[in-house]
Every structure is written in C-alpha cells, then in structure tokens.
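Engineer: Below is one structure. I have some questions about it.
Please treat every number below as a calculation from the coordinates, not as lab data. Keep in mind that what you see is a predicted model, and the values were worked out from it rather than measured. Cβ placement follows ideal geometry from the backbone for every residue including glycine, while neighbour counts extend to all protein chains displayed.
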Amino acid sequence: MKKIILFALTVVALVSSCTTPMTMGKQYPAMYEEKPLTIAIMPPINQTTHTEAKDYFYTTMYLPLCEKGYYVYSPYLTMEMFQQESAYDAEQFIEGDLGIFQKILGADAAMFTIIKDWRRNNIGGLLTVDVEYVLRSTKTGQTLYSREGKITVDTSINGGSSGLGALVSMIATAVNTAATDKVIAGRKCNAFVLSDLPAGKYSSWYGKDASNAAGKKMIKATVK
Amino acid sequence: MKKIFFILVAVLTLSSCTTTQSLYSWYNYEDATYQYNKKSTEELQVKMLEQYKKLTDKQKGTRGVVPPGMFAEYGYQLYKTGKKDEGLSFLKKEIALYPESEKYISRIIKQLEK
C-alpha cells in the first residue's frame, strides 16, 4: 500500500515538473523595464453583435487593476472624456500613437480589450465571454502585456435526470441563466486573465513577482 | 501509513492557507455603479452615493487608504447633484492622495469651474 502511494506521489511530482513554468519576468519583460504606474482603460473594441457588451464590460476592469496595485483612471470619468474627444472607438488607437493619453491623463499605459464573444445560452445554462487584453505603453508604444481568456460560466441547475425532474431542471436552468447578468462572466474573465499581470507600485508584490509562474497566453475555463 | 495521510492533510491545509487579501474594501461598489450606469434613476443614484460614502469613510483593506479614482468619482457625482463645494474638495483629495492623478483631475476641476 505504502509503495503504491509513494509511486503515485512520484508520478504526480514527475508529471507536474515536466512542464517548466514560464516566469512572469520572461513572459512580460517590458512590464519590468517600464514599470508603469498609471493605467487608462480604453473603451473595449467590440467584435460581437451585442452592442451593450462594450459599455458594460468597460467598467469591469477598474477594480481588478486597482487591486493589482496600479493607479487606474476611473472609467466612469474617462468615458465622458473619450466621448467628448470622439475617442470612444478605441480601434483608431490600438496600433496608433498613444502619446495623447500621456499628455491629457498622465497615463503610462493603456489597457485595450477586444471582445470576441459575449453570449448567453439559456437552455444549456451557459454564459460565454472571450476577451483579448493588450496593455500598451503610452511612451514607447510597445506591448507590455497581452493575454486572451475564454471563460464560460455554468449557471445550470440540476433537478434530477428523469422525466419531470429533467423538465424542472431545464426550466430552472433557463430562468437562472436568463437572470444571471453576462457581466458576471466578464468579471470572471478579468479575474482569470489578469491573475498573472505583474503587480504595480501599490501592491506588496511590486518588483517581487518576476520569478512567479506566468500563465498561458490563451486561458480557457468553465466556472460554476 | 497514517503518517503519510497526516502529512498529506497537513500539506493541503497549509497550501490553502495563503489567501490573497484585498488592497481595498469595495463593499457593493461594482453592482451599485453598474446598476446606475444601466438605469440612471434617482433611487439607484442614492444607493450608489451610499456606497461612495462607505468606501471613502471606512477602508479595511491592507493599504488602509481609499482606492485610486474613488475620491474623484465621488466628488464628480456630488458636484453633479448640486453639492459643488463638497464635490470639488473631494476631487482635490484625489490629487493629495495620488499625486500622479494631478494632470487629469485638475483638468476636470477646470472644466467644472468654467
């Protein structure tokens, strides 16, 4: 018995050590060179047909970026400015010069997001979002950080598999999914993707996380 | 045999100990602002302002200070509801706490005072 357990433990240890983890310092070297302090959240670039996705997703990035230790310009305040300056379409900036945001806001970096999927499936009980994140320097224009997340939130309710039970759970699932806001999936996507964003000045991890493991460029997950 | 199990349990318990603590307390900020953004009714505005008050009064996060942008947002909302002086003083508090915000916040103050 002992031998079996030891063998199993060895196998687990070997398998987990096979994939040498990429460190954050190696994956995002520009973040450690430039050390941005202030981040402006750009209005999301919406590639889906759901027009509401842009406005609602826009504000969800504020809290997780603050918690990462950055100074983040309040999206509720910058939204008005972007609209006034007819800059509410971030498409024109994603590859262009960002110097203007340094000049007007004092931002060191701009966070772009591209919403590729934003959908609800009431029968199956699934909310799906797919978002690509690109953080670019306003000084050098280089990409400091980029990652994509495809997150599915499972809102299904299981009321039994046979006959009436199945019908009840199908209806309950549809109702629960319809009532769950898609923005919840957006928030979860931020949490998953930004988990390996190097920490900013106000975090106790600032300057200490370069040797931490970085995540994959594309992260896919289903959460309950 | 029991020892191995004990060690495994101990390892699992220890590894779950490291919970990341929040830098700031957010209370119900996300939902309150989101709901108001969706539907700008007076009732939802009151709820949102309550959250701003809590956020700027009581911070229990590890930093113990108000999160970036929050004094500015609160100040801006107060100004819009007619409490102009109070609003401006909150906007100035943002600059005092976060000097890196000066460029942008002074711009907002200038626009409001026009």
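Engineer: P(r) for the range A:48-199: what percent of alpha-carbon pairs falls in each 10 Å bin, starting at zero?
Structural biologist: Spelled out per bin, shortest first, that is 10, 34, 30, 14, 8, 3, 0.
Engineer: Then there's this: Between A:Glu33 and B:Asp85, how high is the FRET efficiency from 1/(1 + (r/R0)^6) when r is the Cβ-Cβ distance and R₀ = 41 Å? Nearest 0.05.
Structural biologist: Details: r = 44 Å, r/R0 = 1.07.
It comes to 0.40.
Engineer: If you don't mind, there's one more thing I want to ask. Subtract the Cα-Cα distance of A:Ser86 and A:Asp181 from 0.36 nm times their separation in residues, and report this length gain in nm to one decimal. Before the final figure, lay out each step's value.
Structural biologist: On the way: separation 95, 0.36 × 95 = 34.20 nm, distance 2.88 nm.
Taking A:Ser86 through A:Asp181 to full extension adds about 31.3 nm, to one decimal.
Engineer: Need one value for A:63-72: mean number of C-beta atoms belonging to other chains within 10 Å of its residues' C-beta atoms. Could you put the intermediate results ahead of the total?
Structural biologist: Values: counts 7, 0, 1, 8, 7, 1, 3, 1, 7, 3.
Taking all residues of A:63-72 together, the mean is 4.
Engineer: Averaged over every viewing direction, what's the projected area of the C-alpha convex hull for the range A:35-102? Give it in nm², one decimal, please. Don't skip to the answer; put the middle values down first.
Structural biologist: Details: hull surface 20.2 nm².
Result: 5.0 nm².
Engineer: In chain A, which helices (entire DSSP H runs) extend 18 Å or more along their own long axis, judged by Cα positions, while averaging at least 1.0 on the Kyte-Doolittle scale? Show your work: numbers first, answer last.
Structural biologist: On the way: long enough: A:2-18 (24 Å, 1.87); A:163-179 (25 Å, 1.46).
The answer, listed by residue number, is A:2-18, A:163-179.
Engineer: Would you mind checking the pairs A:Lys68/B:Lys92; B:Lys84/B:Lys110; B:Lys47/B:Lys84 and listing those with alpha carbons more than 18 angstrom apart? Numbers along the way, then the final one.
Structural biologist: On the way: A:Lys68/B:Lys92 24 Å; B:Lys84/B:Lys110 13 Å; B:Lys47/B:Lys84 20 Å.
Where the Cα-Cα span goes over 18 Å, the pairs concerned are A:Lys68/B:Lys92; B:Lys47/B:Lys84.
Engineer: Nearest 0.05, what FRET efficiency do B:Arg107 and B:Glu42 give at R0 = 35 Å with Cβ-Cβ as r? Display every interim value, and only then the final one.
Structural biologist: On the way: r = 29 Å, r/R0 = 0.82.
That gives a FRET efficiency of 0.75.
Engineer: In whole percent, what relative contact order does chain A give with Cα contacts below 8 Å and a gap of six or more residues?
Structural biologist: Details: 410 pairs, mean separation 57.3, N = 224.
Computed over chain A, the figure is 26 percent.
Engineer: Taking the Cα atoms of the protein assembly as shown alone, what are Rg (to one decimal) and Dmax (as a whole number) in Å?
Structural biologist: Every Cα atom of the protein assembly as shown included, Rg and Dmax give 22.7, 80 Å.
Engineer: Another question about this same structure. Determine the sum of side-chain charges near A:Lys116: Lys and Arg each +1, Asp and Glu each -1, restricted to other residues whose C-beta is under 12 angstrom from that of A:Lys116. Provide the component values of the computation, followed by the final result.
Structural biologist: Details: positive: A:Arg119, A:Lys150; negative: A:Asp117, A:Asp130, A:Glu132, A:Glu148.
In short, -2.
Engineer: Hey, another quick one. Within the range A:53-97, which residues have the backbone N less than 20 Å from the label spot 7 Å out from A:Ala210 along Cα→beta-carbon, could you tell me?
Structural biologist: A:69-70
Engineer: Mind giving me the FRET efficiency for A:Ile219 and A:His50? R0 is 30 Å, r the Cβ-Cβ distance, nearest 0.05 is fine.
Structural biologist: Numbers: r = 22 Å, r/R0 = 0.72.
So the FRET efficiency works out to roughly 0.90.
Engineer: On to the next question. Using a 10 Å cut-off around each Cβ of peptide B:106-114, what is the average number of partner chain Cβ atoms that fall inside? Spell out each step's value before the answer.
Structural biologist: Values: counts 1, 4, 3, 0, 0, 3, 0, 0, 0.
Taking all residues of B:106-114 together, the mean is 1.
Engineer: Could you calculate, for the range A:168-224, the ratio of the Cα radius of gyration to the Kirkwood radius, expressed as Rg to Rh?
Structural biologist: On the way: Rg = 16.9 Å, Rh = 14.2 Å.
Radius of gyration relative to Kirkwood radius: 1.19.
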